[in-house]
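The values are calculated or read from the model by the stated rules, or taken from the named source; none is laboratory data. If you're wondering where the values come from, they're calculated on a predicted model, not measured in any experiment. Counting neighbours? That spans all protein chains shown, and the Cβs are built from the backbone with ideal geometry, glycine included.
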Amino acid sequence: MAPVTKMKGGLDLGGTKIQAVVTDGASAVLGAARRETPRRASPEAVVVELAETLREALDNAGVEPMGLAGIGVGAPGSIDVERGIVLQVPNIDGWDAPFAVGPALAAEMGRPVRIGNDVNVAVEAERRFGAGRGFASFLGVFWGTGVGGGIVMDGRHLAGRGSAGEIGHVCSKPGGRRCNCGLEGCVEAYAGRGALEERARELAKQRHTILFELMEKRGRDRLTSGVWLRALQAGDKVAEELILRAVQALGVGIGAAATLLDVEAVVIGGGLGERLGPDWLARIEAAAREHTFFREPPLYRLAELGDLGGAIGASLLE
Ligand SMILES: [Zn+2]
């Protein structure tokens, strides 16, 4: 008989990194590992990378693959949960057709695999172990490369037809900037790190900014959350202007969502959300209040699980 185990593996397949954890089946992380997401790779090659990252986390935990009760993967975009299919990963060149990640990774690791949407699993982790604890309803907003969201109502995930919570693609300005999704004026078109970088590159042609010097000094080839934070701390006007504009857009989207859903709390996470911290959380709250109908608006909290939240959430998939 196989040994009884509750230990789980969790993988967060992000646009820039793959994060793996081995947990005790709840929130305790026994081992972790992180690798860069390949920018150009076939889905098969990405699955091999996922397996390697998880093996590294297993090594760090001193656990054999067979010691895992199961493995969960959080992946971006639309997921066919039943069949373990990831439809598309926007940031990986070479992944443009749906691929059955679940079965492929299960064959690679010899353990059952469940797949879920990356933002939803991160929201679930915050609900059970993080900033969402104690709230029957909250809105999770993950402010990073894109802007993702998830909704908890009456203690349960609100899924809609599967994709509820896309706050990044709520309109913050009719006729505004074109978003990657094809719509105009989306929150993400002003607040997503990808859009921010694009705009910063345009502005850098006419105005002084230290954003790109900081990027090079830190050996990066994109404007990371850390680069934005440093530029703000140094009083860089371009960075300040763009982040303030981002906060305004987030405020419109969050205010509308809070008015529609009447949630108890708003939990802000993601690379930028967490890096920019409490001061900017307060500004997001102030911006959102201007667009919230209720005299008693929701409470605003920073996500608590940090970089590991997505992988911990994935490990909870059943
Ligand atoms: Zn959009």
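From the list Arg128, Arg156, Arg114, which one is of a type in the set (Lys, Arg) and either within 17 Å of Ser78 (Cα to Cα) or within 16 Å of the ligand (Cβ to nearest atom) (or both)?
Arg114
Can you tell which of Ala231, Ala257, Ala239, Ala200 is under 30 Å from Ile151 (Cβ atoms) and outside any loop (DSSP other than H, G, I, E, B)?
Among Ala231, Ala257, Ala239, Ala200, only Ala257 is under 30 Å from Ile151 (Cβ atoms) and outside any loop (DSSP other than H, G, I, E, B).
Is it the case, given these coordinates, that Asn91 is touching a residue at least 60 places away in the same chain (Cβ under 8 Å) and within 28 Å of Ala303 (Cβ to Cβ)?
yes
Does Asp307 fit the bill of being closer than 28 Å to Gly74 by Cα, of a type outside the set (Val, Ile, Thr), modelled with pLDDT under 95 and not in a helix (DSSP H, G or I)?
The answer is no for Asp307.
Condition check: within 21 Å of the chain's Cα centre (by Cα) and either touching a residue at least 60 places away in the same chain (Cβ under 8 Å) or at negative phi (or both). Does Leu232 satisfy that?
Answer is no for this residue.
Given the criteria hydrophobic (A, V, I, L, M, F, W, C) and more than 14 Å from the ligand (Cβ to nearest atom), does Ile151 qualify?
Criteria met by Ile151.
Results for (1) within 8 Å of the ligand (Cβ to nearest atom); (2) buried (at least 18 other Cβ atoms within 10 Å of the Cβ), shown as yes or no for each residue.
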position: Ala164; (1), (2): no, no
position: Gly176; (1), (2): no, no
position: Glu184; (1), (2): no, no
position: Glu188; (1), (2): yes, yes
position: Ala195; (1), (2): no, yes
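Under 9 Å by Cβ, and 6 or more places apart or on different chains, what pairs join a residue from region 163-187 that is in a strand (DSSP E or B) with one that is β-branched (Val, Ile, Thr) and within 10 Å of the ligand (Cβ to nearest atom)?
Taking only residues 6 or more apart or on different chains, the pairs are Cys171/Val187; Cys186/Val147; Cys186/Val170.
Cβ-Cβ under 6 Å, sequence separation 6+ or interchain: first residue in region 261-281 and free of Cβ contacts under 8 Å to residues at least 40 places away in the same chain and over 12 Å from Ala191 (Cβ atoms), partner basic (Lys, Arg) and surrounded by fewer than 19 Cβ atoms within 10 Å (Cβ to Cβ). Which pairs?
If the second residue must be basic (Lys, Arg) and surrounded by fewer than 19 Cβ atoms within 10 Å (Cβ to Cβ), no pairs are left.
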